[in-house]
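One structure is given below, encoded as structure tokens.
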Amino acid sequence: MSLSHPPFKNRILAALPNEDLQLLLPHLQQVELKKKQVLCDIGQTFDFVYFIEQGVTSFLTTMKDGASIEVGMIGYEGATPLSPLFGEQSSQHHIVTQLPGRAAKIEVRHCMAAFEKSPALRQGVLYFTNSFLNQGAQTAACIRLHSVEQRLARWLLMSGDRFQSATLPLTQEFLSIMLGVRRAGVSEAASEIQRSGLITYTHGQITICDREGLEKMACECYGNDRKR
């Protein structure tokens, strides 16, 4: 990548002073992220860190029987995986692109070197990591306390914020994995929201038609997410 570059959309990179950014620039590579692209699998050694520029990446926890649920969502506000910067050797999660986009990719060894030298990069990474942990705690409470309709509304709003679009290429099968709900439950919830005129759903594509109404339907967790 040339040292003369357009501004980054990724919040961590965009906030770096030029001197700190120069530690990363020679090693960053712009890459496209395809839908359902696996960035890191369970037990896999970390090779790259992806600073998300556009799109949405999910952290999935998978059980022995193969059942999965999303425990964290990352867009242009963050990067993934960051565990190797804190000494972890292999992934404990399935990290996959849920909505396509692009990222600035860097080898873990180069990112670690910059992380050790740059206080600004450390501050940005730690701030995001704290927000991500809080998001995970909020999600755990949301799963336990709120209805499928509320959780789906929250999830669509969070995805739309990060995808920067009101139209989301999503199937009910994929939504069932993200929410940890059987496909029939997702179908019923999506139909209810669609009957309310808040979304339209056709051929694996969901469009948010009434964002204000969807925010009212979503649980309080979405408002807490936006504060971070």
Legend entry - Every residue from the range 209-228 that is open to solvent by 50 Å² or more (accessible area, probe 1.4 Å) and either free of Cβ contacts under 8 Å to residues at least 12 places away in the same chain or part of a strand (DSSP E or B) (or both): Glu212, Lys216, Glu220, Lys227
Inset, instruction - Check the range 120-127 and report whether any residue there is surrounded by fewer than 18 Cβ atoms within 10 Å (Cβ to Cβ), under 18 Å from Lys9 (Cβ atoms) and free of Cβ contacts under 8 Å to residues at least 40 places away in the same chain. - result: yes
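Which ones in the range 158-173 are closer than 20 Å to Arg102 by Cα and out of contact with any Ser or Thr (no Cβ under 7 Å at 6 or more places or on another chain)?
So the first thing to find is which residues in the range 158-173 are closer than 20 Å to Arg102 by Cα, and the list is 158-170.
Those that are closer than 20 Å to Arg102 by Cα and out of contact with any Ser or Thr (no Cβ under 7 Å at 6 or more places or on another chain): Met158, Ser159, Gly160, Asp161, Arg162, Phe163, Gln164, Ser165, Pro169, Leu170.
Rundown of residues vs (1) part of a helix (DSSP H, G or I); (2) open to solvent by less than 60 Å² (accessible area, probe 1.4 Å); (3) modelled with pLDDT under 90; (4) closer than 18 Å to Cys142 by Cβ, yes/no style:
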{"residue": "Phe174", "(1), (2), (3), (4)": "yes, yes, yes, no"}
{"residue": "Ser187", "(1), (2), (3), (4)": "yes, yes, yes, no"}
{"residue": "Tyr201", "(1), (2), (3), (4)": "no, yes, yes, no"}
{"residue": "Thr207", "(1), (2), (3), (4)": "no, yes, no, no"}
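Select from the range 36-52 the residues that are closer than 25 Å to Lys117 by Cα and part of a loop (DSSP other than H, G, I, E, B) and write down the one among them that is most open to solvent (accessible area, probe 1.4 Å). Show your work before the answer.
As a first pass, look at the range 36-52 and keep what is closer than 25 Å to Lys117 by Cα: 45-52.
Going one step further and asking which of them are part of a loop (DSSP other than H, G, I, E, B), we end up with 46-47.
Details: Phe46: 20, Asp47: 85 Å².
Only one residue tops the list, namely Asp47.
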Inset, instruction - Return a yes/no flag: does the range 135-147 have any residue that is out of contact with any strand residue (DSSP E or B) (no Cβ under 9 Å at 6 or more places or on another chain), modelled with pLDDT under 90 and of a type in the set (S, T, N, Q). - result: yes
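Does Leu168 qualify as being in contact with a Leu (Cβ under 6 Å, 6 or more places away or on another chain) and open to solvent by less than 40 Å² (accessible area, probe 1.4 Å)?
Numbers: in contact with a Leu (Cβ under 6 Å, 6 or more places away or on another chain): no; open to solvent by less than 40 Å² (accessible area, probe 1.4 Å): yes.
Spelling it out, it is not the case that Leu168 is in contact with a Leu (Cβ under 6 Å, 6 or more places away or on another chain) and open to solvent by less than 40 Å² (accessible area, probe 1.4 Å).
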Inset, instruction - Can you tell me which residue within the range 53-104, out of those that are outside any strand (DSSP E or B), open to solvent by 20 Å² or more (accessible area, probe 1.4 Å) and of a type in the set (Ser, Thr, Tyr), is modelled with the lowest pLDDT? - result: Ser83
Legend entry - Answer from Gln138, Gln194, Gln205 - the residue that is touching a Ser or Thr at 6+ places or on another chain (Cβ under 8 Å) and touching a residue at least 12 places away in the same chain (Cβ under 8 Å): Gln205
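Identify the residue in the range 12-35 that is of a type in the set (A, V, I, L, M, F, W, C) and assigned to a strand (DSSP E or B) and, among all such residues, is farthest from His110 (Cα to Cα). I'd like the intermediate steps shown before the answer.
To start, the set of residues in the range 12-35 that are of a type in the set (A, V, I, L, M, F, W, C) comprises 12-16, 21, 23-25, 28, 31, 33.
With the extra rule that they be assigned to a strand (DSSP E or B), the set shrinks to 31, 33.
Values: Val31: 17, Leu33: 21 Å.
Here the residue is Leu33.
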Inset, instruction - Determine whether the range 151-159 contains at least one residue that is open to solvent by 30 Å² or more (accessible area, probe 1.4 Å) and touching a helix residue (DSSP H, G or I) at 6+ places or on another chain (Cβ under 9 Å). - result: no
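Kindly indicate whether Pro17 is in contact with a helix residue (DSSP H, G or I) (Cβ under 8 Å, 6 or more places away or on another chain), without any contact (Cβ under 8 Å) to a residue 24 or more places away in the chain and either open to solvent by 20 Å² or more (accessible area, probe 1.4 Å) or under 17 Å from Arg162 (Cα atoms) (or both). Can you show your working first?
Values: in contact with a helix residue (DSSP H, G or I) (Cβ under 8 Å, 6 or more places away or on another chain): yes; without any contact (Cβ under 8 Å) to a residue 24 or more places away in the chain: no; either open to solvent by 20 Å² or more (accessible area, probe 1.4 Å) or under 17 Å from Arg162 (Cα atoms) (or both): yes.
Spelling it out, it is not the case that Pro17 is in contact with a helix residue (DSSP H, G or I) (Cβ under 8 Å, 6 or more places away or on another chain), without any contact (Cβ under 8 Å) to a residue 24 or more places away in the chain and either open to solvent by 20 Å² or more (accessible area, probe 1.4 Å) or under 17 Å from Arg162 (Cα atoms) (or both).
Please work out which residue is nearest to Arg11 (Cα to Cα), limiting yourself to the range 105-119 and to residues that are charged (D, E, K, R) and surrounded by 15 or more Cβ atoms within 10 Å (Cβ to Cβ). Give the steps one after another, and end with the answer.
Taking the range 105-119 as the starting set, the residues that turn out to be charged (D, E, K, R) are 105, 107, 109, 116-117.
Imposing the further condition that a residue be surrounded by 15 or more Cβ atoms within 10 Å (Cβ to Cβ) reduces the set to 105, 107.
Numbers: Lys105: 15, Glu107: 19 Å.
Top of the filtered list is Lys105.
The values are calculated or read from the model by the stated rules, or taken from the named source; none is laboratory data. This one's a predicted model, so the numbers in the text were calculated from it and none came from an experiment. Virtual Cβ from ideal backbone geometry, glycine too; neighbours counted across all protein chains shown. Ligands, DNA and RNA are stripped out before the accessible areas are found, and what is left, the full protein with its side chains, is counted by its heavy atoms. Shrake-Rupley method; radii C 1.70, N 1.55, O 1.52, S 1.80 Å.
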